[in-house]
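Read the figures in this text as sums done on the coordinates, not as results from a lab. Everything quoted here is computed from the prediction, not taken from an experiment. When we count neighbours, we look across all protein chains shown, and the Cβ atoms used for this are built from the backbone with ideal geometry, even at glycine.
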Amino acid sequence: MLNFHEELNNNRKKEEWRLFHAKDFESLMYPCFTLCRILGIYPYKINASTIKISKLYYILSIIVICFYNIYILIILYSISVSNIEIKNFPFYLVICCAFMFGDFIIIISVILTGSRTRLLQTILKVSSKLPPESYQKLSRLIHAKDIFGFLLVGIILICTSNLQIITLFQNYASLIIYQMDMLYMNCVCILKACFKEISDTLVNMQEFITTNNESHFPRSIYYKQRNLLLVMELKILKKQHLTISDTVQTLNMTFSLQLLATIVMTFSCTSLSLYVYIQSWGYLSSTTLLHVYFLSCIAYFFIKMILIVWACETSKNQAQQISTSIYDAFNSTTDEQIKDELQLFSLQILHCNNTFSAKVLTIDAKFLARVSQLSYSSLIR
């Protein structure tokens, strides 16, 4: 009977789901999880407020990945033993590079299923404090990016492929890599919203202290009770901030290998594709499809990397904004107990590292500028 009621509640949630109108973590991530399940890389099931690994979907994902890996090994072997002309060598190098890095990302995503499950469970718990308005704002970006981005990438891959088996497998790998990168970006955006909620709460607290100045209520019961409530609220915010900061570190550890492989794959494939495109300019002038293929590949890698860097950079800035909010709240109060709590909060922020990284690489605008400059320099040489 209990299982029937749980299933009925889950069905109602699915019926209530609306595009761009998310109300919780599940409805926010529903398009991303659905697309991952279609591709065979989503071995999870969500019951109420828990995320668990589904054995059936996990076995299915392993079977799909094993079949994919076997065929990729056959393709790479056939390329290595075939006679390749010198002028076509860079083109095959791009294919091998895409297959090897793509295969690595897919294998890592399967191996780290357990770690990713625990991470998603933590983010679900942390984001449960967000108001419905925050979920709705996030859904405008996340739903549009997940659905329309996936469709756009899929259409480009279909239009530029010749429906051969090798290109179909390459397209499948590209879609999986895109979804895993978008899952990472979704997690970063949710943590950004959590940092923003803490900053907004501190701003509201500072405005409340300013409009209800202590001088208006000298030695009153209201003054003591109000400050006691503010101190309790600050302790709750400190605990939330520490949990979110720990989640950032868990996110870095869980997605570091995947993100590092994505970065290397992005800039190596982009550089090689540009090199092949420039070298082949003479005999590709009459083939519009190949022009579209090379340019769309370069644009895809470039735009995806910009989106990931934008999410990491803005999330880091939002985390740093909390220090400014604490400083403003500190200057607006004269109560020593509140000031002590704000100072402890400020020290906690100094000790927390809320930068998003992949191993030793910090994902920010400076990193994107350095790597882009390096890729351009190596290309013109």
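Listed values, structure above:
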| item | result |
| --- | --- |
| Relative packing of 123-132, 317-326, which averages over residues the other C-beta atoms within 10 Å, highest first | 317-326, 123-132 |
| Of the trypsin sites (Lys or Arg not before Pro) in segment 15-112, those whose Cβ has at most 15 other Cβ within 10 Å and which sit in DSSP loop | Arg18, Lys23 |
| Nitroxide proxy distance, nm - points 7 Å out along Cα→Cβ at Ile79 and Phe67 | 2.2 |
| FRET efficiency, Val231 to Met253 (Cβ-Cβ, R0 35 Å, nearest 0.05) | 0.55 |
| Per-residue HN-Hα couplings for segment 328-334 [Karplus 6.51, -1.76, 1.60; θ = phi - 60°; Hz; x = Gly/Pro] | 5, 5, 5, 6, 9, 10, 10 |
| Residues Glu133, Glu233, Glu197, sorted so that the one with the fewest Cβ neighbours within 10 Å comes first | Glu133, Glu233, Glu197 |
| Over 21 Å between alpha carbons, listed pairs Lys239/Lys359; Lys238/Lys366; Lys45/Lys145; Lys316/Lys359; Lys196/Lys235 | Lys239/Lys359; Lys238/Lys366; Lys45/Lys145 |
| Karplus 3J(HN,Hα) series, Hz, for segment 361-368 with 6.51 cos²θ - 1.76 cosθ + 1.60 (x for Gly, Pro) | 9, 8, 8, 8, 5, 5, 4, 4 |
| Charge sum, other residues only, whose C-beta stays under 12 Å from Glu313's C-beta, Lys/Arg counted +1 and Asp/Glu -1 | +2 |
| For Tyr44, distant residues with modelled amide H under 5 Å away | Ser54 |
| Residues Gln343 and Leu56, FRET efficiency given R0 of 45 Å [Cβ-Cβ distance, rounded to 0.05] | 0.30 |
| Sorted by Cβ neighbour density within 10 Å, fewest at the top, the residues Thr266, Thr117 | Thr117, Thr266 |
| ³J(HN,Hα) computed for each position of segment 125-130 - Karplus, 6.51 cos²θ - 1.76 cosθ + 1.60, integer Hz, glycine/proline x | 5, 5, 6, 5, 7, 6 |
| Where labels lie 7 Å past Cα in the beta-carbon direction, separation of Leu307 and Thr324 in nm | 2.7 |
